[in-house]
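Structure, as structure tokens:
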Amino acid sequence: MEKTSLVLTILGRDQPGLVDSLAAIVADHGGNWVESRMAHLAGQFAGILRVEVEPAQAAALTTAIKNLTAQGLESMVCADPQLPKSTTGTLAQLDVVGLDQSGIVRKISQVLAAKGVNVEELATECTAAATTGQSLFHATAQLRLPQGLEIEVLRVALEQVAADLMVDLTLE
């Protein structure tokens, strides 16, 4: 029998044992924890995970996740239609580093959207620069270029924005 795939998002005050609570709910419903991304952001826990469960258990698992509101957590559960992943187009890795300023993600994402590039994964952070202590912005993204878009064409477009923002950019 085919499993039902669910994508769960959880947000709330970070606290010890939170991931264990989620894992227990998944296990109690016979689910399999397939993949996840979780982070501590400004005192909050933010998580997204995909689980697989027998179709007969999907509603009960969804209800149990939604009942986490009693612990002060917001949640959302979406059925994953399990469409085949797009494997067309080139995968590329983008890294951006520079002094933090407003608009970096916006300006880079505008170029990506204009070129039809899909952002499959994005991680950003600000840290203190080792020598000056100034806030340093760093972004790493996994991109899927549409068929027909050469990586060099994208690189040129991104480098124009990078020059305006005074950030270093690597696209491989």
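Just so you know, all these numbers are worked out from the coordinates, no wet-lab data involved. Remember, it's a predicted structure, so these values are computed and weren't measured experimentally. Reconstructed Cβ throughout: ideal geometry from the backbone, glycine too, with neighbour counts over all protein chains shown.
Rounding to the nearest 10 and keeping the result within 0 to 90°, find how far the Cα-based axis of helix 151-165 lies from the longest principal axis of the chain. Helix 151-165 and the main axis of the chain meet at about 80 degrees.
Taking every lysine pair in the chain that is 8 or more places apart or spans two chains, those with Cα atoms closer than 24 Å amount to 4. Of interest is the spacing of the C-alpha centroids, which for segment 18-68 and segment 82-150 amounts to 28 Å. The dipole here belongs to segment 4-79: it is taken about the Cα centre, uses +1 on the Cβ of Lys and Arg and -1 on the Cβ of Asp and Glu, and is about 180 debye.
Neighbour counts of C-beta atoms inside 10 Å place 75, 135 in the sequence 135, 75, starting with the fewest. Spacing of the modelled spin labels on residue 34 and residue 119, each 7 Å from Cα toward Cβ, amounts to 2.4 nm. Computed over segment 28-172, the P(r) tail beyond 19 angstrom holds 64 percent of alpha carbon pairs. Along its first, second and third principal axes, ordered by size, segment 4-79 spans 37, 24, 19 Å in Cα coordinates.
Restriction of the GluC sites (Glu not before Pro) in segment 1-65 to DSSP coil positions whose beta-carbon has at most 15 other beta-carbons within 10 angstrom yields 2. Projected over every direction and averaged, the convex hull enclosing the alpha-carbon atoms of segment 65-146 yields 8.6 nm².
Taking the dipole about the Cα centre of segment 91-171, with the C-beta of Lys and Arg at +1 and of Asp and Glu at -1, give me whichever of 109, 169, 132 is farthest to the positive side. Farthest towards the positive end: 109.
Exposure here means at most 16 other Cβ atoms within 10 Å; with trypsin sites (Lys or Arg not before Pro) in a DSSP loop as sites, the longest stretch of the chain lacking them is 1-84.
Roughly how tilted is helix 104-114, in degrees to the nearest 10 and between 0 and 90, from the longest Cα axis of the chain? That helix lies at roughly 90 degrees to the long axis.
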